[in-house]
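Following: one structure in structure tokens, then a few remarks.
The values are calculated or read from the model by the stated rules, or taken from the named source; none is laboratory data. Source: prediction; values computed, not measured. Virtual Cβ from ideal backbone geometry, glycine too; neighbours counted across all protein chains shown.
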Amino acid sequence: MTLSSIKQTWANFDWKVWQADGMREQDIDNKEIDPHYKQMLKYPDAPDSWYFLVFLLSFIVALVVIYKSDSTLPWWGFIISLLLATISILFFGALFAITGLGFIIQPFVQMIGGYLHRGLPVANMYFVLYSYNTVTQAQLLLRDLKIAQCAHVSIVFKDSNLC
């Protein structure tokens, strides 16, 4: 992630999500492309803007929930929980994808939330909700995407040992 790559991504961002066909353009004849990925290039992908819109709507709904339900979790605690979830997804998601070892971070997240929000058990509960549960749901989504990719590849190759 460099500033120039962020600017390029922002410049190429497709705001018209209803017009995106989801097809990726890449050289299929390249020998370095993973066989799974090569087969998946045949199918349309959900545009990144859909994920961005879902994140934005979820973020707004979560802020409304923590303030309307008197959760005692401040907005900055919510942002810290999301940053912790993002970092955890990157590292522990990669660990899980490579080794198959799932690392449970719930006690770690509870300690951080308890330290940040002393004497506020409900705020700690919401902190864990928005950090640990986010990581768990993201890992389940990644697992399901991998299963779907293997299902598509095995249909294409008929009894393939790629997955």
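Would you be able to tell me the number of residues in the range 51-78 that are outside any loop (DSSP other than H, G, I, E, B) and surrounded by 15 or more Cβ atoms within 10 Å (Cβ to Cβ)?
Here the count works out to 5.
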Need the failing condition index for Val156 against (1) more than 26 Å from Phe59 (Cα to Cα); (2) in a helix (DSSP H, G or I); (3) modelled with pLDDT of 75 or more, just the number.
(3)
How do the pairs read when you match residues in the range 118-138 that are of a type in the set (Gly, Ala, Ser) with residues anywhere that are buried (at least 21 other Cβ atoms within 10 Å of the Cβ) and in a helix (DSSP H, G or I), using Cβ under 6 Å and keeping only pairs 6 or more apart or on different chains?
Ser131/Ser81; Ser131/Leu84; Ser131/Ala85; Ser131/Val109
Which residues, taken from the range 123-140, are small (Gly, Ala, Ser) and at pLDDT below 90?
Ala138
